[in-house]
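K.L.:
Below you'll find the structure I mean.
The values are calculated or read from the model by the stated rules, or taken from the named source; none is laboratory data. A quick note: this is a predicted structure, and the numbers were derived from the prediction, not measured. All Cβ positions, even for glycine, are placed from backbone atoms using ideal geometry, and neighbour counts span all protein chains on display.
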Amino acid sequence: MAKRSKISVIGGGNVGASCALWTASKELGDVVVLDIPQAEGMVKGKMLDLAQCSPIELFDCNITGTTDYKDIAGSEVVVVTAGLPRKPGMSRDDLIETNVKIVKSVSENIKQHAPEAIVIVVSNPLDAMVYTAWKTTGFPTNQIVGQAGCLDVARFKTFIAMETGFSVEDINALLLGGHGDDMVPLPRFTNIAGIPITQFITEARLQELVDRAKVGGGEIVKLMGTSAYYAPASGVVQMVEAIVKDKKRILPCASYCSGEFGIDGLFVGVPTLLGANGVEKVIDLDLNADEKALMDESASHVKDLVGIVQKMFPELA
Ligand SMILES: NC(=O)C1=CN([C@@H]2O[C@H](COP(=O)(O)OP(=O)(O)OC[C@H]3O[C@@H](n4cnc5c(N)ncnc54)[C@H](O)[C@@H]3O)[C@@H](O)[C@H]2O)C=CC1
Ligand SMILES: O=C([O-])CC(=O)C(=O)O
């Protein structure tokens, strides 16, 4: 019998618990969710609750809530959701000082207890946290990746489906850049069942949908008082599935660029071939001058955030 995959999630809050739910319900493997000792009852209780769905939803996997890093040993994938979410009025960047400390300490433990794992970082500000995890673990760049683009592009596709009335299944879109409000959805690469999107929506209206997608996280923070979790977790699990099933999917992920898109030494959202080895390739493409300018601006924002991390922790430079 094939060995079951093991997927660990660090941080059992809104995003972490939702990751566990999608992972288990899709039967991708055994699930371990780890939180801090002060949250022991919460994380153990939530995971026991989730396990009790299995006779109804019919998934076979072990689900464990824990505060002990020994339990993540042997994980194929570790998802990092530990950290503060933003509140209304805050930007993701406002979280950097608190979350870099959390992600650094989490990454030290991942390095010790799950050195073979592919690490998917979710904590914000995303691109700087991916960098932090990479520098702290010292893992090769294929083993470190960030989730943002799967979510951001799903938001863009959702808005297009709402506007046109067509099935989400037929909407194809591409999005690049950092996970800030300057992310770069690409109308030129957007189509419905292969038919250019401009056949169905005016360019002006499409631009409004692009703009809504760019601030899609903030729209939810304003409504809920905290940030989104169902769609972010769904984006994570799309990546987990690509890795544990070695699907060779091309997904928009925060991956290490060494020259692609003219970016060197940064993790930024780019089309990424995801499989059993994690990031198997970054797929470069020819951008026109306007698209390139937007990508450069987004990457320069990521670079500034990485500069803040390096200033706080010179050993991560
Ligand atoms: N990249 C993306 O697309 C998205 C990123 N996020 C980010 O994900 C993070 C988590 O968001 P939520 O789950 O909504 O927050 P939450 O507050 O519901 O959960 C965070 C959890 O992390 C735990 N935690 C804190 N320090 C820890 C440590 N050192 N070790 C282990 N666990 C620790 C907390 O106890 C808490 O249970 C935030 O930084 C948020 O901004 C959220 C949505 C989308
Ligand atoms: O908006 C936030 O703070 C959480 C997040 O990254 C998103 O939902 O896109």
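K.L.:
Being of a type outside the set (K, R), surrounded by 24 or more Cβ atoms within 10 Å (Cβ to Cβ) and out of contact with any Gly (no Cβ under 7 Å at 6 or more places or on another chain) narrows it down to one residue among T141, T132; which is it? Break it down into steps so the answer makes sense when it comes.
P.N.:
On the way: T141 fails: surrounded by 24 or more Cβ atoms within 10 Å (Cβ to Cβ).
Testing whether each residue is of a type outside the set (K, R), surrounded by 24 or more Cβ atoms within 10 Å (Cβ to Cβ) and out of contact with any Gly (no Cβ under 7 Å at 6 or more places or on another chain) leaves just T132.
K.L.:
Here's something else I'd like to know. Could you check the range 18-66 and list, in sequence order, the residues that are touching a Gly at 6+ places or on another chain (Cβ under 9 Å), touching a residue at least 24 places away in the same chain (Cβ under 8 Å) and of a type in the set (D, E, K, R)?
P.N.:
Residues satisfying the conditions are D35, E40, K46.
K.L.:
Among (1) more than 8 Å from ligand 1 (Cβ to nearest atom); (2) within 20 Å of M239 (Cα to Cα), which single condition is V122 missing?
P.N.:
(1)
K.L.:
Looking at the range 131-171 only, could you name the residues that are in contact with a strand residue (DSSP E or B) (Cβ under 8 Å, 6 or more places away or on another chain), part of a helix (DSSP H, G or I) and of a type in the set (F, W, Y)?
P.N.:
Listed by number, the residues that qualify are Y131, W134, F156.
K.L.:
Could you tell me how many of the residues in the range 138-173 are away from ligand 1 (no atom under 15 Å from the Cβ), under 24 Å from V77 (Cβ atoms) and either touching a Pro at 6+ places or on another chain (Cβ under 9 Å) or in contact (Cβ under 8 Å) with a residue 12 or more places away in the chain (or both)?
P.N.:
Here the count works out to 5.
K.L.:
Which one is farthest from ligand 1 (Cβ to nearest atom) among residues in the range 95-119 that are of a type in the set (D, E) and free of Cβ contacts under 8 Å to residues at least 60 places away in the same chain?
P.N.:
Looking only at the range 95-119, we keep the residues that are of a type in the set (D, E), and these are 97, 108, 116.
Imposing the further condition that a residue be free of Cβ contacts under 8 Å to residues at least 60 places away in the same chain reduces the set to 108, 116.
Working: E108: 10, E116: 20 Å.
Filtering first and then ranking leaves E116.
K.L.:
Can I ask one more? Test each condition in (1) within 17 Å of the chain's Cα centre (by Cα); (2) of a type in the set (V, I, T); (3) assigned to a helix (DSSP H, G or I) for V306 and report the one that comes out false.
P.N.:
Against the list (1) within 17 Å of the chain's Cα centre (by Cα); (2) of a type in the set (V, I, T); (3) assigned to a helix (DSSP H, G or I), V306 comes up short only on (1).
K.L.:
If A231 meets every condition in (1) away from ligand 1 (no atom under 13 Å from the Cβ); (2) in contact (Cβ under 8 Å) with a residue 12 or more places away in the chain apart from one, which number is that one?
P.N.:
(1)
K.L.:
Could you go through the range 267-289 and let me know if any residue there is assigned to a helix (DSSP H, G or I) and at pLDDT 95 or above. Steps first, answer last, please.
P.N.:
Here is the first cut: in the range 267-289, the residues assigned to a helix (DSSP H, G or I) are 289.
Among the residues that remain, those that are also at pLDDT 95 or above are: 289.
Yes, the conditions are met somewhere in the range 267-289.
K.L.:
Could you pull out every one of the helices (runs of 4 or more DSSP H) wholly within the range 1-94 that has 3 or more residues that are more than 11 Å from ligand 1 (Cβ to nearest atom) and surrounded by fewer than 16 Cβ atoms within 10 Å (Cβ to Cβ)? Give the steps one after another, and end with the answer.
P.N.:
Numbers: elements: 14-25, 40-51, 54-57.
In the range 1-94, the matching helices (runs of 4 or more DSSP H) lie at 40-51, 54-57.
K.L.:
For the range 96-106, check the following and say yes or no: at least one residue is part of a loop (DSSP other than H, G, I, E, B) and either surrounded by 15 or more Cβ atoms within 10 Å (Cβ to Cβ) or away from ligand 2 (no atom under 16 Å from the Cβ) (or both). Write out each step before concluding.
P.N.:
So the first thing to find is which residues in the range 96-106 are part of a loop (DSSP other than H, G, I, E, B), and the list is none.
No, that holds for no residue.
Each row is one residue, and each column tells you yes or no for (1) crowded, with 23+ Cβ neighbours inside 10 Å; (2) assigned to a helix (DSSP H, G or I).
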position: E208; (1), (2): no, yes
position: R212; (1), (2): no, yes
position: K222; (1), (2): no, yes
position: S234; (1), (2): no, yes
position: V240; (1), (2): yes, yes
position: D246; (1), (2): no, no
position: P252; (1), (2): yes, no
position: C257; (1), (2): no, no
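K.L.:
Just the residues that are assigned to a loop (DSSP other than H, G, I, E, B) and either out of contact with any strand residue (DSSP E or B) (no Cβ under 8 Å at 6 or more places or on another chain) or away from ligand 1 (no atom under 13 Å from the Cβ) (or both), please, taken from the range 174-191.
P.N.:
Taking the range 174-191 as the starting set, the residues that turn out to be assigned to a loop (DSSP other than H, G, I, E, B) are 174, 178-183, 186, 190.
Within the range 174-191, L174, G180, D181, D182, L186, T190 meet the criteria.
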